[in-house]
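The values are calculated or read from the model by the stated rules, or taken from the named source; none is laboratory data. A quick note: this is a predicted structure, and the numbers were derived from the prediction, not measured. Don't worry about glycine lacking a Cβ; one is built from the backbone with ideal geometry, like all the others, and counts go over all protein chains shown. Accessible surface is based on the protein model in full, side chains and every heavy atom, while ligands, DNA and RNA are left aside. Shrake-Rupley method; radii C 1.70, N 1.55, O 1.52, S 1.80 Å.
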Amino acid sequence: MITHKWWKEGIIYQIYPQSFYDSNGDGIGDLQGIIRKLDYIKSLGVDIIWLNPIYASPLDDNGYDISDYRAINPIYGTMGDFDEMLAEMHKRGLRLLMDLVVNHSSDEHKWFKESRKSKNNPYRDYYYWRKGKNGGPPNNWPAVFGGSVWEYDRTTSEYYLHYFSKKQPDLNWENPKVRQEVIDIIRWWLDKGIDGFRLDVISMISKDLVFPDATGENFGEMYTRYFCNGPRVHEFIREVHDKSLKDYNVMTVGEGPAITKEAGNDYTGQNRGELNMIFPLDLMSADWGPDGRFDPGITDRRKIKSFFREWNEALGDDGWMSVFLDNHDSPRMVSRFGNDTTYRTESAKLLLTLLLTLRGTPSIHYGSEIGMTNASFDSIDQYKDIESLNFYSEAIKNGMSDHEAIRRIQISGRDNVRTPMQWDDRNHGGFTTDTPWLESNPNYKSINVEMEESDDSGILSFFRQMVAFRKSHKTLSYGSFTDLDPDHPHVFHYQRKDADAQFIIILNMSDHTTSYAINQAGAHLSICNYTEAGKREELRPWEARIYLTAI
Ligand code: GLC
Ligand code: CA
């Protein structure tokens, strides 16, 4: 029997704070801006807000490089603004998840500033310091954002480890003092009354201390083999849980790079004392080639189906996952999995139907409820993300043309999904009165909240309808999930079922009308993303249907 929990029934709305709403006209979204939009968020029917990092940070990786875990970055406001925001959320029945980034800190955190001073500084062991090998770094691993994972530091003639940028040194979780710092930070925020955490790259916190050289693996293999799921990862998470999380009624979702299906329940099984759920990432990289993100291919629709089918089978009734089709690290879902031109409305609605009928806690990235699309900027000057900028300079150095490098960033770069929220058709989509920190997608004139609000058959109305539908049928949260047609190349046909009801969901993930046998005697068509009635056994492009059968 599956246990019922509020966090299994919740729906997460993700806010990228820089880009949501700018209240004071400096071009950067802020906490007062979020407060002004809480009624909008509440009106969606969602109930959990996940905020990307808002702590003090030099913003080398947009806040995933924290220099003070107990301070708010002044560009977003003050701790007073934070307290007000939290109170306003709670007043509306909205819960808040903060992003906890403790695999690494910023190099501007006081721990690291101390650590690099001398080999016997009390903070030296807060990070991984190693001697070089044969005149170079200690091993040959490449960092996620380019270059080596090791950076040489002249003061002590040693290298420090950084899986991401050199301004994100990895914290040494082998050191019990580091673990205690993390526990103290968690308790400090939970005592303030927040409702949980999203734990950044949690599968990376334990390292293989041998740091063996990689032997010709491609990036994905290397990442899986060496960077993630280290020997003490479960022990570390359990310690954090036992000394902090378990004392509070909060939720945790671990970001899970390279967490395999077999290991899902080791992180989320109900008796493990670790995490409530994870974000499995394999679908997010399903279309990457051997060289990773900037080597993009096409997502075979069967991979989307097998991802959900296999994760469901693996977790069973014991573990739990959050389901999502985009986030701040991926392209926009309608651009990646749908058709963001001819069938933008239909395919956005289909993807929202998918998201809200899966088993797992759905998480939606701001703007996808109105079908925002990839920005696909043409010039490197328009991009801000360190990952894209580093890729571009390395690619150009290695002889790739500007045209080809930009083409790849247009498909996969993370700025695609970080552009300002499109509120209305005024300058910059009504996000700011100044110049936004990242350009708005020029299509804000035709894609924005204001227009959607006045369209009963728009994407936003459909999203609200789907959220309400999920909330009124617990079967959609807890019922079993069965893929009824795993082999079809583009129709996704599955069942959600428990003792109360049975739903049949049919999604035509293609630009083509498709004949499809639907044998649902007695079934009632509850939801369809087309307003006009169609033929029973013919699915229109990107048509989504939900049939309900009483039991
Ligand atoms: C996670 C975050 C990503 C960040 C990285 C390093 O993957 O989602 O945005 O760049 O961790 O913290
Ligand atoms: Ca601002």
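Could you compute the FRET efficiency for ASP434 and THR482, with r as their C-beta to C-beta distance and R0 at 60 Å, rounded to 0.05?
0.70
With all protein chains present, how much of the accessible area of the stretch 99-182 (probe radius 1.4 Å) comes from carbon and sulfur, to the nearest whole percent?
Summing carbon and sulfur atoms, their accessible area is 47 percent of the total for the stretch 99-182.
List, in order, the whole-Hz ³J(HN,Hα) value for each residue of the stretch 433-444 obtained from phi through the Karplus relation with A = 6.51, B = -1.76, C = 1.60 and θ = phi - 60°; use x for Gly and Pro.
3J(HN,Hα) across the stretch 433-444, in whole Hz: 8, 9, 7, x, 4, 9, 3, 6, 5, x, 6, 4.
First compute the accessible area of the stretch 413-485 with a 1.4 Å probe, then give the percent of it belonging to carbon and sulfur atoms.
The value for the stretch 413-485 is 47 percent carbon and sulfur by accessible area.
Would you grab the residues whose amide H sits under 5 Å from the one on ASP295? Only those 5+ places off in sequence or on another chain, please, with H modelled 1.01 Å from N.
GLY289
Starting from the Cα-Cα distance between ASP191 and ARG238, subtract it from 0.36 nm times their residue separation and give me the gain in nm to one decimal.
14.9 nm
If you plug each phi of the stretch 389-400 into the Karplus form 6.51 cos²θ - 1.76 cosθ + 1.60 with θ = phi - 60°, what whole-Hz ³J(HN,Hα) values come out, in order, with x for Gly and Pro?
5, 5, 4, 4, 5, 5, 5, 5, 4, 8, x, 6
Where only protein heavy atoms count, and the probe is 1.4 Å, what is the accessible area per residue for the stretch 110-161 in Å²?
Value for the stretch 110-161: 51 Å² per residue.
Give me the extension gain from ASP39 to GLU108: residue separation times 0.36 nm, minus the current Cα-Cα distance, reported in nm with one decimal.
21.2 nm
Over the chain, what relative contact order in percent results from Cα pairs under 8 Å that are six or more residues apart?
Relative contact order, the chain: 13 percent.
Given contacts defined as C-alpha pairs under 8 Å and at least six residues apart, what's the relative contact order of the stretch 110-161, whole-number percent?
33
PRE reach from SER457 (point 7 Å along Cα→Cβ): which of the stretch 525-542 fall under 13 Å by backbone N?
Counting only backbone N, you get 528-534.
Figure the gain on full extension for ARG130 and ILE396 (residue separation times 0.36 nm, minus the Cα-Cα span) and round it to one decimal in nm.
92.6 nm
Could you work out the relative contact order of the stretch 471-538? I mean the mean sequence separation of Cα pairs under 8 Å and 6+ apart, divided by the number of residues, in percent.
22
What FRET efficiency, computed as 1/(1 + (r/R0)^6) with R0 = 45 Å and r the Cβ-Cβ distance, is obtained for LEU209 and GLU538, rounded to the nearest 0.05?
0.15
Relative to the longest principal axis of the C-alpha atoms of the chain, give the angle of the C-alpha long axis of helix 344-355, reported between 0 and 90° and rounded to the nearest 10°.
The angle comes out at about 70 degrees.
Which far-off residues, 5 or more places away or on another chain, put their amide H under 5 Å from the one on ARG95, with H placed in the peptide plane?
ILE48, ILE49
Return the tail of the calculated pair distribution for the chain, meaning the percent of Cα-Cα pairs more than 46 Å apart.
11
Tell me the net charge near GLN382. Cut-off is 10 Å between Cβ atoms, GLN382 excluded, with +1 for each Lys or Arg and -1 for each Asp or Glu.
Once all neighbours under 10 Å are counted, the net charge is -3.
Through the Karplus equation 6.51 cos²θ - 1.76 cosθ + 1.60, θ set to phi - 60°, convert the phi angles of the stretch 118-124 into ³J(HN,Hα) values in whole Hz; use x for Gly and Pro.
Residue by residue, the stretch 118-124 yields 7, 5, 10, 5, x, 9, 3 Hz.
Please work out the Cα center distance from the stretch 458-473 to the stretch 474-489, rounded to the nearest Å.
With the stretch 458-473 and the stretch 474-489 each reduced to a Cα centre, they are spaced 19 Å.
Calculate how many DSSP beta bridges within the stretch 387-508 are antiparallel, expressed in % of all such bridges and rounded to the nearest 5.
Restricted to the stretch 387-508, the bridges split so that about 100 percent are antiparallel.
Compute the angle between helix 79-91 and the longest alpha-carbon principal axis of the chain, please, reported from 0 to 90 degrees and rounded to the nearest 10.
30
Once the Cα atoms of helix 402-412 and of the chain are each reduced to a long axis, what angle between those two axes, in degrees from 0 to 90 to the nearest 10, is obtained?
60
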